[in-house]
Every structure is written in C-alpha cells, then in structure tokens.
Amino acid sequence: MSTENLKKEEDEKIKIWPQWVATCTLSLAVIGSGLANGWASPYLAQLTSTEASVPLRLTDTEASWVASLLNFGRLVGALLSALCQDWIGRKKVLLLGGLPLLMSWVCCICATSVTWLYTSRFCSGIGSGMIWCSLSLYLSEIADPRIRGSLISMNVNASSIGMFLGNVMGPYLSMEMFGYVSLVPNILFMILFSWIPESPYHHLLHGDIEKAEASLRWFRRKSDVKAEMQDLQEFIDGAETNIFLKLKEFFIPSNFKKPLVVIGVYAFSYISGYSAMNSYSEIILTKGKIAVQPSIVVMILGVSMIVAGSTAVLLVDKLGRKCLLIMSATGTSISLALLGLHFHLLSLEYDPKSLTWLPIIALLMFNLSICSGLQPIPSTLLGEMFTANMKNMASLFVSSTNALLSFASAKTYQPFLDLVGDKFVYWTYSVGVLFCVPYVYFLIPETAGKSLLEIQQSIKK
C-alpha cells in the first residue's frame, strides 16, 4: 500500500471516530431501554408462576398489561419528543428521555403491588419513546453517509444487548436488585452525553451558523467544513419551525406517502409478533415442553440477537437496505412456520423430548433473522427518507404509529393465543411477514452510501 493511501486511510479514521464516540454514548441509553424490554421475559414467567417465590403474584390479564404498557408509554414519549425537538434540539430531548427511564427503575425497586409495575412500565415506555423518536434523526444528521446505516444499526443492536443482560440477570436477581443495576447505564448516559455536541442541523435550523460549523468540525475533525455546510444548508433550505405549516405540508399526498411506506416496514416486524415473542419467550419455551431449562435457552437467544445485530452493523452499508430486509423477512417467516410446526406435532402427541431441538432452532432463527434486518433497518430509513421540513412530523407520525402497533402486538398475543391456539398464531405470523418481501422490493428506495441531500434528489427522480 502506498504512503498516499496509508495517509488517506488514517485521515478517514480520524474523521469518523467522534461519530462512533457519540453513538457509543447514546448506546448506554438504548441499553437501558433494552433492559426494560429484557425485564419482561424472566419476571413475567416468575410473577405468573404458582411455584416461584416472589413478592407479587399476577393474573394473566395483569401480566399482559405489564407486558404492553411499555409500548403504550412509547406513544406518549414519541409525542413529547416530536413537540420538543425543533425547539430545544435532539440532544436535549435525548437527555430528557433518560429521566422517565430513571423513574421506571425507581418504581421497579419500590414495587409492592401491580400498580408500581404498571407505573414502571409506562415510564419505561415514555423514556424509550422519547429516545427512539430522536435517536435516528440525531445520528442521521451527524453521520458520514458511508457509515450512517452502521451507526443507527449499532444503537438498535445496543437494545439487543440490554435485552440479553435483562434475560441473564432476571433468573438470578430480585426485581429490586435488577432495578439498581439498570440505573447504572442510565446515569452514565445522562452524564457522558451532556458533553456531546448538538446536531449541526438543529443550529442551522435556528440560523446559528457558527455553532453549526463548530458542531460539524467536532464530528468531522476538520477545520474546513464549508462544502458540507453548503450541502446541509441546501438540504434545510426553506425549512419551517411553525408546526401548523409543517402539518399542512406533511399531509400533501406526495409527502404523506413516504411515512406510510416507512410505517409499512415497521408493521411487518410487529406482524411477526416480535414484541410478544420477546416478552413471552420463556413462557413459550415452557409450553413447548423442552427438555432444557428455558431460562438458559433465553440467554442463548439473547446472544443470537447481539450476533445478528452486529452482522447488520457490518453489512447494512455494504449490501444495502433492501437486500438485508428481504433476507430478514424470509428467514423470519420460515422460523415462525417451524415454531408452529412444533406445537402442531405436540398436538399430535409426539414425544416432547425428541422435539426439544425444534422450538430452540425456530426461536434462534427468528432472532437471527429479525435482528439482522427488520429491527434495525426501519430506524435507519426513518432517519434518511425525509426532507428537512418533514423530518420532525414524520418522526412523530411514524414513532406514534410504531408505538401503537407494538402495543397492539403485545396486548393481542394472549387473547389470540386463547382463541386459536399456539400453532395457528405462529403460522398466521409467518404468512403475514412473508408479504414484506414484495413490499420491500417494489416500494423501498435504496439509500446506502448517499447523503441526505442525494437521497431526496433520487426520491424526486
């Protein structure tokens, strides 16, 4: 390799490391959100068991509310986030999102009745909603186009790390101790992220060019950022801060089509039953009569999510968004069909011990498939596909709808299961998520490697 190429490679490393620092710091908040998701699987199994020694006992109805209230809180968090973003900035909204998460763990520590758990889960949802509504936009505005998908995917993967830690700690720690441990990443995030600059986009939106340049220089580690500043100014040219004017533009049919397309991609991850499968994974394995301790399998499933998420970080900017989404949807559909097959064979009175491998393989394949595409890529598209004027309203609309879909998926799982039985639930999910393949092929634009301005130009063409 020539000296010139070595110098160029070294310059690129210097240029992008601050963006990775910001992403890693944000990951602490996402890990906290993931811990709230990971809490559900071990503790719902304990709280609904007649054998476990726990301070509370929940009915199936109460457990379904505990599982789904987090998603309802996400709706409130998304609304708060969207209302505040353009005025106080993405960074401050992200920091404020840490407060409800902190409150949720305090409620978990103090829980002596189901009301405390309802409050804890709802607060977790508010914090998660505020963070996820702002996170994709913040990262898309600070990232180099070549690594934008990787940065956003890394934070989605951080959620998987949080869920894995929750699944690992759940069987061995009391709810009170779990709450104390979960406070650590939350507090670290609020301290460390306060030192990271605001998005240059926010400063430009409010006409503060000096602060925008200073922010861009921090993230790029270059003294001359005029060319990129010019592109950014062209991107936000004509952007409004008046919410009523934004609403008027947002509902123009040609503009409204884009958030609907992004919501469609999110919808397929909920059609797959991901929210419910995550909350009820230990219960599913117990009902599947596997010959292995379910909590151990749940830990392995958590590791598989991290592996799949890491794969997405490495490949999302190389293979492109569409390719990974199609592969992910196909694998998810096959895995759900296999899980349904397991419960069908149990209904035919096959020996459960001889079938132990089938639900484990099915759930492992489910996690690997969904976490490599259907989970991280919709968040990437949310940060990429919208004009400056539409970013905030699109984020509100998509995040709110996303929260409702997640809530509906988690809340309807148990009634659907009671109505039709296990095998038909998973087969229905399998057929539903398979429709994602033609949807992505015909409707989703490829955005990998393009600047935000280039993406808008290509969508117009």
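Examine segment 74-83 for a residue that is open to solvent by 10 Å² or more (accessible area, probe 1.4 Å), in a helix (DSSP H, G or I) and under 15 Å from Leu183 (Cα atoms), and state whether such a residue exists. For segment 74-83, residues open to solvent by 10 Å² or more (accessible area, probe 1.4 Å), in a helix (DSSP H, G or I) and under 15 Å from Leu183 (Cα atoms): absent.
Every test in (1) modelled with pLDDT of 90 or more; (2) farther than 19 Å from Ala448 by Cβ; (3) not acidic (Asp, Glu) is passed by Ile326 save one, and that test is (2). Only residues that are of a type in the set (Ser, Thr, Tyr) and within 23 Å of Gln85 (Cα to Cα) were counted in segment 171-226, giving 4. Filtering segment 173-228 to residues that are among the small types (Gly, Ala, Ser) and either surrounded by 19 or more Cβ atoms within 10 Å (Cβ to Cβ) or not in a helix (DSSP H, G or I) (or both) leaves Ser174, Gly179, Ser182, Ser199, Gly207, Ala212, Ser215, Ser223. From the list Ser310, Ser328, Ser333, the one residue that fits, being of a type outside the set (Val, Ile, Thr), in contact (Cβ under 8 Å) with a residue 40 or more places away in the chain and surrounded by fewer than 22 Cβ atoms within 10 Å (Cβ to Cβ), is Ser310.
In this structure, Met103 qualifies as free of Cβ contacts under 8 Å to residues at least 60 places away in the same chain and either surrounded by fewer than 24 Cβ atoms within 10 Å (Cβ to Cβ) or small (Gly, Ala, Ser) (or both).
Any residue in segment 343-355 that is open to solvent by 10 Å² or more (accessible area, probe 1.4 Å), in contact with an Asp or Glu (Cβ under 9 Å, 6 or more places away or on another chain) and of a type in the set (Gly, Ala, Ser)?
Looking only at segment 343-355, we keep the residues that are open to solvent by 10 Å² or more (accessible area, probe 1.4 Å), and these are 343-355.
Subsequent filtering for residues that are in contact with an Asp or Glu (Cβ under 9 Å, 6 or more places away or on another chain) retains 343-344, 346-347.
Cutting the leftovers down to of a type in the set (Gly, Ala, Ser) gives us 347.
Looking for residues that are open to solvent by 10 Å² or more (accessible area, probe 1.4 Å), in contact with an Asp or Glu (Cβ under 9 Å, 6 or more places away or on another chain) and of a type in the set (Gly, Ala, Ser), one finds at least one in segment 343-355, hence yes.
Listed conditions (1) over 16 Å from the mean Cα position of the chain (by Cα); (2) surrounded by fewer than 19 Cβ atoms within 10 Å (Cβ to Cβ); (3) over 27 Å from Thr311 (Cα atoms); (4) of a type in the set (A, V, I, L, M, F, W, C) are all met by Val425, apart from (2).
Each row is one residue, and each column tells you yes or no for (1) under 30 Å from Leu452 (Cβ atoms); (2) hydrophobic (A, V, I, L, M, F, W, C); (3) within 12 Å of the chain's Cα centre (by Cα).
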position: Arg121; (1), (2), (3): no, no, no
position: Ile131; (1), (2), (3): yes, yes, yes
position: Leu135; (1), (2), (3): yes, yes, yes
position: Glu141; (1), (2), (3): yes, no, no
position: Gly149; (1), (2), (3): yes, no, no
position: Asn155; (1), (2), (3): yes, no, yes
position: Gly170; (1), (2), (3): no, no, no
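Annotation note: of Ser281, Ser275, the sole residue that is closer than 30 Å to Pro42 by Cβ, modelled with pLDDT under 80, touching a Ser or Thr at 6+ places or on another chain (Cβ under 9 Å) and not aromatic (Phe, Trp, Tyr) is Ser275.
Among what's in segment 84-124 and is touching a Pro at 6+ places or on another chain (Cβ under 9 Å) and not in a helix (DSSP H, G or I), pick the residue that is nearest to Ala22 (Cα to Cα).
At the first step, the residues of segment 84-124 found to be touching a Pro at 6+ places or on another chain (Cβ under 9 Å) are 91, 111-112, 122-124.
Subset that is not in a helix (DSSP H, G or I): 111-112.
Values: Ala111: 34, Thr112: 38 Å.
That would be Ala111.
Any residue that is assigned to a helix (DSSP H, G or I) and of a type in the set (Val, Ile, Thr) - is there at least one of those in segment 314-324? Before the answer, list the steps.
Taking segment 314-324 and keeping what is assigned to a helix (DSSP H, G or I), we get 314-315, 321-324.
Next, only the ones that are of a type in the set (Val, Ile, Thr) stay: none.
Taking every residue of segment 314-324 in turn, none turns out to be assigned to a helix (DSSP H, G or I) and of a type in the set (Val, Ile, Thr).
Scanning segment 429-461 for residues that are more than 16 Å from Ile377 (Cβ to Cβ), in contact with a Phe, Trp or Tyr (Cβ under 8 Å, 6 or more places away or on another chain) and open to solvent by 40 Å² or more (accessible area, probe 1.4 Å) returns a single hit, Phe435. Once segment 383-422 is narrowed to residues that are charged (D, E, K, R) and open to solvent by 40 Å² or more (accessible area, probe 1.4 Å), the residue that is modelled with the highest pLDDT is Asp418. Tally up the residues in segment 416-438 that are in a helix (DSSP H, G or I) and touching a residue at least 40 places away in the same chain (Cβ under 8 Å), please. The total comes to 14. Within segment 291-299, is there a residue that is of a type in the set (A, V, I, L, M) and open to solvent by less than 30 Å² (accessible area, probe 1.4 Å)? Yes, that holds for at least one residue.
Just to check your reading of the model, which residue among Met305, Met277 is touching a residue at least 40 places away in the same chain (Cβ under 8 Å), open to solvent by less than 20 Å² (accessible area, probe 1.4 Å), within 19 Å of the chain's Cα centre (by Cα) and under 17 Å from Leu417 (Cβ atoms)?
Working: Met305 fails: under 17 Å from Leu417 (Cβ atoms).
Answer to the selection: Met277.
The values are calculated or read from the model by the stated rules, or taken from the named source; none is laboratory data. None of the values given here were measured: they were computed from a predicted structure. Quick reminder, even Gly has a Cβ in these numbers, built from the backbone with ideal geometry, and neighbours come from all protein chains shown. Ligands, DNA and RNA are stripped out before the accessible areas are found, and what is left, the full protein with its side chains, is counted by its heavy atoms. Shrake-Rupley method; radii C 1.70, N 1.55, O 1.52, S 1.80 Å.
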